[in-house]
Structures are given as C-alpha cells and as structure tokens.
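Derivation of every value follows stated rules applied to the coordinates shown; laboratory data play no part. Worth saying up front: this structure is predicted, and the values here are computed from it rather than measured. Methodologically, a virtual Cβ is constructed for each residue, glycine included, from the backbone with ideal geometry; neighbour enumeration extends over all protein chains shown.
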Amino acid sequence: MNQQATDFVLEINNIEVIYNKVVQALRGLSLSVPRGQIVALLGSNGAGKSTTLKAVSGLLALEDGLLASGSVRYNGQSTAQYAPQQLVRLGLSHVMEGRRVFEDLTVEENLIASTYALTGRNTQGGQAKPDFDLVYSYFPRLFERRKGLAGYLSGGEQQMLAIGRALIAQPELILLDEPSLGLSPKLTEDIFAIIARINAERGTSMLLVEQNATVALAVAHSGYIMENGKIVIDGSAERLSQDADVREFYLGMGGGGEAKSFKDIKHYKRRKRWLS
Ligand SMILES: Nc1ncnc2c1ncn2[C@@H]1O[C@H](COP(=O)(O)OP(=O)(O)OP(=O)(O)O)[C@@H](O)[C@H]1O
Ligand SMILES: [Mg+2]
C-alpha cells in the first residue's frame, strides 16, 4: 500500500449511498479516523451508521447498495479498487451488527475459518498456525469454550468471538458495529474495556458504531453524531460528552435526569436546522 505519511488510517469524503436504486441512506457524509485512535459514530435507528461501515468494507453490493458519489480512502488509497476480502488482507476488518459467527462450528473452528481469507498475510502463506493465543489473551472466556459450538455461547461470548475473528487477522483498522447490542450493562462494560485495551496495547484504529453513546464516548478519542445520512455534530469525546444537545438527545440527561427522546424536545427542530 501507499505508505504516504498520512495521519489518517481512514478518510471518508462526501459519500452518498443509495439502496435498490431509490433509497438514499447517506447524503454527503464525511469523517476521518486518525491512526491509532478510536472514533465513535453515534446516532439513532436508521441514521445510516451500518451503511457507513458497509460503504468502507465493500459490503454494500451484497445488499444492492451503491456508493453513488464521494470517496473512501484507507491508508491513503481508494478502497473502490479492492474486493472485501482484499481489504481484510490489507488489515481492514468489519465486525458486523448482530455477532455473526458460525453457530455449527466450534469457537476454535470459527477462528480458523477467519484465517482462510488471509493467505499471504500474517499466516505465512496459510501454513502457520493462526495466532489463537492473541485472541485468547484478550478473551480468556473463549479459551475455556474453545471446543464448544459457537451456537451455544451466550450473547456476550458470541460478541467476543465476533471481535476475536476480526482480531486474528491482526487488523490495522476494525469497523465495529454496535458491540453492546443486546448485552447486559456488565458485559457491555467488560467488552468495552477489552476494546480499549486492544487499542491501547496494539495501536489498532477503530471506527466504533454505537447507539449507546455513554459507553462509546468513554473509550473513544473523538466522535461523530449522524442523523438522516449525514454528520450533524463532531468533536473530541470529551467535548461531545459535555455538549448540551448530545447530553439531552443521546445520553438521556435532559432536564430532570429522566431519559428523553429527541422527538419530545421542542427546540430540537430549531437546533437541528442550525446544526445542519
Ligand atoms: N439493504 C437495504 N436495502 C434498503 N434500504 C436499506 C438497506 N439497509 C439499510 N437501509 C436503509 O438505509 C437507512 C440507514 O440504515 P442503517 O442500517 O445504515 O442504519 P443504522 O444507523 O445502522 O441503524 P440501526 O441503529 O438501527 O442499526 C435506513 O433508512 C434503512 O432503512
Ligand atoms: Mg445499524
């Protein structure tokens, strides 16, 4: 790859995505991920978060989605020229929403399956044993369950396995889609602690999609908030955590401390116009 000294591992510039030739999901979205950092991408249901990740990893085509305009650059190079599996080999892993694992395979077989795509990278032509220890060092629970079928793992363990499957490729950039989905607060906390450790110890950059803004901003360096296919607010994680709108709409800290939906807030439309 082009080793041009760029500070950004990922640069998304003004992209538009259209599904089935009619549904416009992204409307001029731009964001960047500085190398070695965790960037949170927040927003409510249907905002276009998963679509953004699919536009990066090349999975849009599987759903009749089209990157109609704009550009995505990974390590300074356009991703348009690469197939999804080539991007994985170049160090870009996508952990999809809903913990996709092979339920009929054991934990270890799931990890092995992930390495098949990696011939020529980190596996010495597919000969070397995959680095299970790397995955098990972050997820000791998976080591205990390594001979068990993935379908029998708990939701949290399946999420660990989904992240483990990405990790075995020793990625430079992980796209993580809602790791907290359906998990208890305790498990969410555990998984986010591991995400922060992987970033800190291995320097792995991450684009972290979440509806749970509180946990995401606790580990992220910076973040973006999107609505209706584009970014409406961005800034450092600290700034976003303190931003009045973010606190009100996404952290559930409006007025009397009770959680509020932004639909209930009268001045939302005015503010939103001002933000867009
Ligand atoms: N395969 C598809 N075909 C048609 N429309 C789609 C498809 N996938 C997503 N969309 C539409 O694109 C928009 C963005 O969807 P997306 O899944 O990116 O949102 P999201 O922010 O990830 O939401 P959630 O938080 O619910 O996962 C939505 O209006 C959705 O209905
Ligand atoms: Mg989604």
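Quick look at the numbers
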quantity	calculated
Chain lengthening between Ser154 and Lys186 when straightened (0.36 nm per residue, less Cα-Cα)	10.2 nm
Computed log₁₀ I(q)/I(0) - Debye formula, equal Cα scatterers, no solvent, the range 164-203, q 0.17, 0.31, 0.34 Å⁻¹	-0.48, -1.17, -1.22
Amide proton proximity set for His94, modelled H, under 5 Å, gap of 5+	Leu175
Interchain or long-range residues, amide H under 5 Å from Glu227's placed H	Val232
Computed E for Ser44/Asp64 - FRET, C-beta separation, R0 30 angstrom, nearest 0.05	0.80
Loop-resident sites, the range 34-122, for GluC sites (Glu not before Pro), counting at most 13 other Cβ within 10 Å (DSSP)	Glu103
For the range 66-190, projected area of the alpha-carbon convex hull averaged over all directions, nm²	8.8
Hz values of 3J(HN,Hα) by residue in the range 133-145 - Karplus curve (6.51, -1.76, 1.60), Gly and Pro given as x	4, 4, 5, 5, 5, 8, 10, x, 4, 5, 5, 4, 9
Extension gain from Arg100 to Ile112, taking 0.36 nm per residue of separation minus the Cα-Cα distance	2.8 nm
Rounded to whole Hz, the Karplus (6.51, -1.76, 1.60) HN-Hα couplings of the range 23-39, x for glycine and proline	7, 8, 9, 10, 10, x, 8, 10, 7, 9, 10, x, 4, x, 10, 9, 10
Span from the the range 147-212 Cα centroid across to the the range 35-90 one, whole angstrom	18
